Amino acid sequence: MLNYLYKRISHAVEVLLLVSIITFAVLMWIPGDAAQLILGSDATPEKLAALRSALGLDRPWYLQYWDWLKGFVSFDLGKSYLFGQDVSTLIRQRLPVTMSIAVFSMIIATVISIVLGILAAIRKNTAVDYVSTGLMQLGSSVPAFWIGMMSIVYLGLELQWFPIAGYVPPERGFVAYLNSIALPSMVLAIGEIGMLLRTVRTSMLDALSQDFMDMARAKGLSSFTIYFKYALRSAMIAPSNVIGLQFAKLVGGTVVVESVFSLPGIGRLILVAVEQRDVFLLLGLVMFITTLVIAIALLVDIAVMFINPRIRVEMQGE
Amino acid sequence: MGDEKLLDIKNLTIKTGSGRVLVNHISLDMEKGELLGVEGESGSGKTLTAKTIINLLPENLSWEAERFQVLGVDYLKADPKAIKSLVGGRIGYVPQNTGFYLHPMIKIKDQIADGYVLYSKSSIEEALARASKLVGAVGIKDTERLLNSYPWQLSGGMRQRVNIAMALMNKPRLIIADEPTTALDSTIQKQVVDLFRAVNEAHQTSVLMISHDLGLIKYYCQRILVMYGGQIIEEASAGDLFAMPKHPYTKLLIKVIPSLNIKRGERLEEIPGHVLEIGKPRSGCVFKERCSYRQDICATEVKEQSLDGFHTFRCNFDI
Ligand SMILES: Nc1ncnc2c1ncn2[C@@H]1O[C@H](COP(=O)(O)OP(=O)(O)OP(=O)(O)O)[C@@H](O)[C@H]1O
Ligand SMILES: [Mg+2]
């Protein structure tokens, strides 16, 4: 286990280094820099040069990268010149928004996928199966921004069920908070359901065809026991992996939904950083998301290992 | 009503979705307390017949019959719920040891007793105490440790013994055991068979045992059915069958095996001819391709003969 962790973590470090070098190089290479950002486009070349040397931007890129890297390993992501604040402060402010819709949409997607996936497998080739196949295709073929806009128009403006923009932090009332993230989470969930539902259905069908299901039926157990105790237990391993991967992907994938619903989250911050060429902000965001994705993937893998008693028992034996 | 009869099946036919006939008009019945043996060629339809009785025929197959009563429940009329509780509560099934019939992610103690808790309305403690006793009875020493294991921590023989113990949990009135002793060494084999017999004597439990092991069946069963190509080709009391086998296939089976203690597969090379391809549309005798007594008539028809009403066989001759 320790060996495994060590391997995974050293691999993660390699990935992070590579991502940071590539991102840094690309950002150096495109025109525009922090001095330009601070002074505006009508600044004189002399003033720009002076500010550049004051900020150390005239040094070779690898020295600048080295400075940034030193900061990064001590959890200092540098400063955003656009906001005049620490990048980590900016992330901390916006993280709750993004995490809220990511977690909430994952919960919605998981519940719907598991329920429909099981039903679709048990009642193969019936109406339930066809409905969920339809939902699967809808989710994976229609773009999120379109569903987002449609839901704003119908559920928000017409029916007025949900607010259509803005974020209410939980401190200002839990119901209002849930309401403010409900629509974006649902929109995001639709995109997640396709893959997850397919995985649940497939692994459930596989479980149902196993010999041990024959035995469970021969014992005359109730349908509930047969499906939940016997079938679902072995059918949950593959979907757990998918849930983890999709969640990791979600954290970085909220850009569109946050823009459509005007939510002040990480995704919007990325857009701003790109538009304004805020190099350190963008670099910090990219590194933060990469770290998060890697960490979640690792946690999910470990969790899935623990679902499987075989690995659990073998580890106790070590 | 099935009154005295435990099993009353007439003209059972099992087909695939595409119409291939796998089991062809077989009839069998069993009395209360009877020990019935089923012997036959590999692929002759023994397992499918057993699975029909416990209502677990694979989805791609279907069956039909003129009469099909198990413990007085008429499968042709009863609702699925009644059949389910009959199978779970009063029939014990020992599956053929070719698959993995225990759930790999659930401890033995959590799967051996759930059927008992459901049908005997007992507490989990009582159920586990019974499980422990039965597992001990099939020759497992450290029962505590066994119950706390996962199936993949056990050998094939151990798992088979767990299956046997599980089949006995509900004090079934009928045990269907599909080659229950194949993975076991000979002392354990005898122990298992003796256990079945003890249960049979104590509770009048009937046992339908499928086996390739003629020696075992002879030692243990009162009546024997011999299957070939989806049909029952001979049926007789154990004594009669071994004293005067009538069907050429049965004769070969008994003659060719000197020790009466054969292992699976060995027999096939020794009986002349190739294994019958089941399911092809055919007429006449199922054994004609491999039979040394064959005449022209065997290609078109086959006679059903009976010696005394109890010993029956399907052959055109009496040799
Ligand atoms: N689900 C299925 N679909 C199609 N054919 C099947 C299916 N299950 C079994 N068969 C076929 O039906 C025939 C009878 O199978 P069965 O398992 O009853 O044989 P058996 O007598 O138990 O043989 P063995 O001694 O090898 O266990 C075989 O030819 C087999 O290939
Ligand atoms: Mg079989």
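What follows is calculated from the coordinates using simple rules that are stated; it is not laboratory data. Owing to the predicted nature of the structure, the values given are computational and were not obtained by experimental measurement. Glycine gets a Cβ as well: all are built from the backbone with ideal geometry, and neighbour counts include every protein chain shown.
Could you work out [θ]222 nm for the protein assembly as shown from helices alone, using -39500 (n - 2.57) per DSSP H run of at least four and dividing by all its residues? Round to the nearest 500 deg cm²/dmol. Helices in the protein assembly as shown give a 222 nm mean residue ellipticity of -17000 deg cm²/dmol. For chain B, the longest principal axis of the alpha carbon atoms and the long axis of helix B:124-137 meet at an angle near 50°. Summary of the geometry: the range A:67-89 and the range A:13-62, compared by the centres of their Cα atoms, lie 14 Å apart.
Return one number: the angle in degrees, 0 to 90 and rounded to the nearest 10, between the long axis of the Cα atoms of helix B:156-168 and the longest principal axis of the Cα atoms of chain B. Between helix and principal axis, roughly 80 degrees.
Among the trypsin sites (Lys or Arg not before Pro) in the range A:123-209, those placed in a DSSP loop whose Cβ has at most 13 other Cβ atoms within 10 Å are A:Arg123. Applying both filters, DSSP loop and at most 12 other Cβ atoms within 10 Å, to the trypsin sites (Lys or Arg not before Pro) of the range B:132-224 gives B:Lys141.
Across chain B, the mean sequence separation of Cα contacts (distance under 8 Å, 6 or more residues apart), normalised by length, yields a relative contact order of 20 percent.
By the gyration tensor of its Cα atoms, with a ≥ b ≥ c the square roots of the eigenvalues, what is the shape of chain A: rounded for a/c under 1.5, prolate for a/b over b/c, or oblate? Oblate is the answer for chain A, as a/c is 1.5 or above yet b/c matches or exceeds a/b. Give, as a single signed number, the net charge of other residues whose beta carbon lies under 14 Å from the beta carbon of B:Tyr116, with Lys and Arg counted +1 and Asp and Glu -1. Value of the local net charge: +3.
Taken residue by residue and averaged, Cβ atoms of other chains lying within 10 Å of the Cβ of A:205-215 number 5. Panel order for B:Lys171, B:Lys255, B:Lys288, by other beta carbons found within 10 Å of each beta carbon, from fewest to most: B:Lys255, B:Lys171, B:Lys288. Label-to-label distance for B:Leu61 and A:Ser41 is 7.8 nm, based on points extended 7 Å past Cα in the beta-carbon direction.
Remark: relative contact order (the range B:58-165) = 27 percent; criterion is Cα-Cα distance under 8 angstrom and separation of 6 or more residues.
For A:Leu299 and A:Ser88, a Förster radius of 22 Å and the Cβ-Cβ distance give a FRET efficiency of 0.55, rounded to the nearest 0.05. Looking at the range A:118-174, the chymotrypsin sites (Phe, Trp or Tyr not before Pro) that sit in a DSSP loop and have at most 14 other Cβ atoms within 10 Å of their own Cβ are A:Trp161. Positive end of the dipole of the protein assembly as shown (Cβ unit charges, origin at the Cα centre): among A:Met305, A:Ala273, B:Ser44, the Cα lying farthest that way belongs to B:Ser44. Counting Cβ atoms of other protein chains within 10 Å of each residue's Cβ and taking the mean over peptide B:99-108 gives 6. Here the relative contact order of chain A, from alpha carbon pairs under 8 Å that lie six or more residues apart, stands at 24 percent. Counting Lys and Arg as +1 and Asp and Glu as -1 over every other residue whose Cβ lies under 12 Å from the Cβ of B:Leu154, the net charge comes to +3.
Sorted ascending by nearby beta carbons within 10 Å, beginning with the fewest, A:Leu82, A:Leu205, A:Leu116 become A:Leu205, A:Leu82, A:Leu116. To the nearest ten degrees, helix B:80-90 and the longest principal axis of the Cα atoms of chain B are 70 degrees apart. For the listed residue pairs B:Lys51/B:Lys107; B:Lys10/B:Lys81; A:Lys124/B:Lys10; A:Lys124/B:Lys171; A:Lys229/B:Lys51, the alpha carbons are over 30 angstrom apart in A:Lys124/B:Lys10; A:Lys124/B:Lys171.
Each of A:Thr202, A:Ile108, A:Val256 was scored by the projection of its Cα onto the charge dipole of the range A:94-262, and the greatest displacement toward the positive side belongs to A:Thr202; charges sit on the C-beta of Lys, Arg, Asp and Glu. The spacing between the range B:102-129 and the range B:153-221, judged by their C-alpha centroids, is 20 Å.
Here's the list of lysines a cross-link from B:Lys255 could span, going by alpha-carbon distance under 25 Å and ignoring same-chain residues fewer than 8 apart: B:Lys46, B:Lys190, B:Lys218, B:Lys246, B:Lys263, B:Lys288, B:Lys303. Between the range A:202-263 and the range B:24-53, the C-alpha centres lie 39 angstrom from each other.
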